[in-house]
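Read through the structure below, which is laid out as structure tokens, and then see the notes.
The values are calculated or read from the model by the stated rules, or taken from the named source; none is laboratory data. The structure presented is a predicted model; accordingly, all values stated were derived computationally and were not measured. Ideal geometry is used to build each Cβ from the backbone, glycine not excepted, and the neighbour counts take in all protein chains shown.
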Amino acid sequence: MDYTIAEAADILGLPCTRHGGYVFNELSNDSRRLSFPGTTLFFALKTATGDGHKYISEAYSLGVRSFMVSARPSEGMDDAAFLEVPDVLSAVQRLAETHRKRFGCPVIGITGSNGKSVVKEFLYHLLCREYNIVRSPKSYNSQIGVPLSVWNMSSEHNLGIFEAGISMPGEMERLERIILPDIGVITNIGPAHQENFRSYYEKAMEKLKLFSRSRSLVYCSDDPVLSRAVKDSGLESIAVPWSRTDRGAHIFVESVSAGELSTTLVVSFDGKTRTFSIPFTDAASVENVLHCIGVLYCLDSRLLDNSAPFATLEPVAMRLEVKQGRNGSLLINDTYNSDINSLAIALDFMSGRKKSGDYRTTLILSDILQSGSEPEDLYRRVSEIVSAKGVDRLIGIGPVISSFSQLFRMDKSFYASTADFLSVLRSSDFSDELVLIKGSRNFHFEKITERLEQRVHETIMEVNLDAVVHNFNRYKSKLKPSTKMVCMVKASAYGAGAVEVARTLQEHRCDALAVAVADEGVDLRNHGISIPIIIMNPEISSLNVLYDYNLEPEVYSFRLYDAFVREGVSRGASSFPIHVKIDTGMHRLGFSPEEIPSLAALLKGQNVVRVKSVFSHLAGSDTPELDDFTMSQIRRFTDAASLLEKLTGDRVLKHILNSSGIERFPEYQMDMVRLGIGLYGISMSGDTGLKNVSTLKTTILQIRNVPAGDSIGYGRRTYVERDSKIAVIPIGYADGLDRHLSNRVGKVMVNGSLVPIVGNICMDACMIDVTEINAEEGDTVIIFGDSLPVSYMAGILGTIPYEILTSPSPRVQRVYIND
């Protein structure tokens, strides 16, 4: 829907502004993700981690001419329209609130601790044949995500489904005004985002504020916290509870019968009984489906007469995956949503992964189903987005997109079905390409992914890039806006894979990266990383490489300094940045404070290099017992750095804090900090607000029955004392699993239960005892991850989480996910 700047000013109560006739129909707060800049309103947010006003000029250069700001640029941009407001976020929410009120279709609002996105996608699957639905892309449920989601409403839609998430009291009232749900669902109340609430009850009361003007509220009345909160919120009059124990509930669950691959639900309501078969057996999926039954009951109970859509529900892969493909290609698998909004999001992600000039970009796209738009209008819009994102090649699959092939101007080919495409697909068709695979579930694009991915091992390391961003922003929020941050991506980003982590950090405007050796920096440069890279342990043999690839060395000795300057003289270098390391008590690398005058004299006598920063390393910032020593290090560093500045006459950046230093000594953040292990979700001093980044997982290859008295594995080190079920999993010490975990020392997790490793760990496999749990061949096995943190394994082995994270070998494929 089009708005003019003048209309927006009127909504916000602002005086008339220049260029009031400018039209916009899209909102964006990210200059890196602009599909149609000419019709986009760019809103410059100030947050704890950044200021969008810094990117106004970038957005302007890309073609944006409509802006919402809290401070107008001092000069230039005379042909741009500026809406100047005291609070940009509130103003954007006000626009979305007004936009929402222009549409009278029913809206479903979903909140809760877990399951919001799954319930939303299940509802879409169950209702898309009856309604033209607009819904939140992915998990857009925040103070920013909700207005962006609701902005997608148009006159074509006759049902909306939106998520709302909060992390502290006082947030839900804003989201309620924007979503204004007619039907509400609260999925459950659990530990997620608990840190800012005193109790589950308080969190439930806050979440229920989403439904203050709703006509129906679906929830499970078997939850005593929710039931009490619904009553105390005054929402009993709109409550539509379902229950397994209370026959007085609107919807009563008569029975839940789990089979091997499916579950049969028998429910009763209004004197009727209905049976639904769902292709899930886990408790969470059953609960999510029962919420959906409640919503359909509220929307139109006749919808429950047709049980067929329930039988075709599919697991919701709520995250985008990045996998290594054949012939040097990179695959981006995103079949979570198939609509035009999620397509633009996925294409933005692909753009961030493209190496400058190296990757050809290919989009494999299916028909977009149930869009509600006229097909020609829809695919013309798709063509515009695909062209705007710079896609080199399109492979369209499906009868509808194929019929509009003439709308696409890039290299293209079309196929009526997935089977037709697979019949002509050769692995050599894709080489050094960045391939986005985006298809509706009916097209079974997983078959395409299987053909194109380079997968030779069941054991993988799953790396959550959204968790990296979350942790990055969490630490950034502890800093002053002026404090810079260096992120450590050495040792292959602590095992996570340096290239993808570095790309993610660069995209989120990290100030600099740091690696251990020059080869690591060269690899990042070769993969398109352009931000500053510090080499922490440079060797004299690599000095030429540092100059060639613009890699900034840590300088820790006179020998290294002399060699680096000589190399620079031979190249005619000038003011090449270096980082001076001072040893304040750790006694690893660095100049002693007493050597600073001699170093300063050398620095003043040349112009080949310039000191960009001076720093030191804290030896025990995570240990309260060592706080006196930490403070002595900080004092020694401050004195030495000040002396260096005084003697050289140059102002340099100073930094001494690492991850635990940021947590425990933020008052000493100085000009810059270095974020290492905390970036990967591990706090050495107890920060519980971090998210796990890396999950090492594998699968059960075989389960065999072993009689009592028999032995397991090489050397017959383990004998079973009872008839046992022993599972074999394809991970061994060649994959990085420490052999000291053999013979019941270590444990892994299968279906939520810890089970012991039995026998000696082999090179490529090991055995686990699954006698006491339900386990089947093909089940997932967690070595470490969310539910089994690396600190658990580190504790067993008497080591540190760093060693565990960096242990998985290169043959363990890294699979990157983006929630």
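Each residue in the range 218-258 was checked for being more than 14 Å from I189 (Cβ to Cβ) and in contact with a Gly (Cβ under 9 Å, 6 or more places away or on another chain), and 8 pass.
The strands (runs of 3 or more DSSP E) found wholly in the range 747-819 and carrying at least 3 residues that are of a type in the set (A, V, I, L, M) occupy 747-750, 753-758, 780-784. All conditions in (1) over 25 Å from P532 (Cα atoms); (2) crowded, with 18+ Cβ neighbours inside 10 Å; (3) of a type in the set (V, I, T) hold for I677, with the sole exception of (1).
Taken over the range 80-128, the criterion of being without any contact (Cβ under 8 Å) to a residue 40 or more places away in the chain and either assigned to a strand (DSSP E or B) or touching a strand residue (DSSP E or B) at 6+ places or on another chain (Cβ under 8 Å) (or both) is satisfied by Y124 alone.
Sub-8 Å Cβ pairs linking a first residue in the range 516-535 that is without any contact (Cβ under 8 Å) to a residue 60 or more places away in the chain to a second residue that is among the β-branched types (V, I, T) and assigned to a loop (DSSP other than H, G, I, E, B), at least 6 apart or interchain, are E520/V489; L524/V489; I535/V517, ordered by first then second residue. Selection of the range 719-746 for residues being under 19 Å from H457 (Cβ atoms) and in a loop (DSSP other than H, G, I, E, B) yields P730, I731, G732, G736, L737, D738. Looking only at the range 550-569, residues that are under 30 Å from D432 (Cβ atoms) and either surrounded by fewer than 17 Cβ atoms within 10 Å (Cβ to Cβ) or hydrophobic (A, V, I, L, M, F, W, C) (or both) come to 2 in all.
Residues checked against (1) free of Cβ contacts under 8 Å to residues at least 24 places away in the same chain; (2) touching a strand residue (DSSP E or B) at 6+ places or on another chain (Cβ under 9 Å); (3) in the same structural domain as E594 (by TED's automatic domain parsing); (4) farther than 30 Å from M168 by Cβ:
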| position | (1), (2), (3), (4) |
| --- | --- |
| L626 | yes, no, yes, yes |
| T630 | no, no, yes, yes |
| Q633 | no, no, yes, yes |
| I656 | no, yes, yes, yes |
| G689 | no, no, no, no |
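Restricting attention to the range 409-455, the residues that are crowded, with 21+ Cβ neighbours inside 10 Å and assigned to a loop (DSSP other than H, G, I, E, B) total 3.
Does L226 satisfy the condition of being in contact with a Leu (Cβ under 8 Å, 6 or more places away or on another chain), modelled with pLDDT of 95 or more and surrounded by 15 or more Cβ atoms within 10 Å (Cβ to Cβ)?
When the stated conditions are applied, L226 does not pass them.
Working carefully through the options R744, R716, R739, R704, find the one that is free of Cβ contacts under 8 Å to residues at least 12 places away in the same chain, of a type in the set (D, E, K, R) and outside the structural domain of A516 (by TED's automatic domain parsing).
Among R744, R716, R739, R704, only R716 is free of Cβ contacts under 8 Å to residues at least 12 places away in the same chain, of a type in the set (D, E, K, R) and outside the structural domain of A516 (by TED's automatic domain parsing).
Within the range 330-375, if we keep just the residues that are surrounded by fewer than 19 Cβ atoms within 10 Å (Cβ to Cβ) and of a type in the set (K, R), the residue that is modelled with the lowest pLDDT turns out to be K355.
Filtering the range 376-408 to residues that are buried (at least 16 other Cβ atoms within 10 Å of the Cβ) and among the basic types (K, R) leaves R381, K389, R393. Do we have E260 as of a type outside the set (A, V, I, L, M), under 22 Å from S139 (Cα atoms) and surrounded by fewer than 21 Cβ atoms within 10 Å (Cβ to Cβ) here? Judged against the criteria, E260 is not a match.
Just one residue in the set V23, V69 is buried (at least 18 other Cβ atoms within 10 Å of the Cβ), at pLDDT 95 or above, among the β-branched types (V, I, T) and in contact with a strand residue (DSSP E or B) (Cβ under 7 Å, 6 or more places away or on another chain); that residue is V69. If you check G709, G715 for being more than 25 Å from S807 (Cβ to Cβ) and surrounded by fewer than 14 Cβ atoms within 10 Å (Cβ to Cβ), only one passes: G709.
Going by what's in this entry, would S66 be described as closer than 21 Å to D348 by Cβ, hydroxyl-bearing (S, T, Y) and in contact (Cβ under 8 Å) with a residue 40 or more places away in the chain? Talk me through it step by step, then tell me what you get.
Details: closer than 21 Å to D348 by Cβ: yes; hydroxyl-bearing (S, T, Y): yes; in contact (Cβ under 8 Å) with a residue 40 or more places away in the chain: yes.
Answer is yes for this residue.
Go through the range 493-508 residue by residue and tally those that are surrounded by fewer than 20 Cβ atoms within 10 Å (Cβ to Cβ) and over 18 Å from D348 (Cα atoms). Count: 0.
Just one of (1) assigned to a loop (DSSP other than H, G, I, E, B); (2) over 20 Å from N464 (Cα atoms) fails for I529. It is (2).
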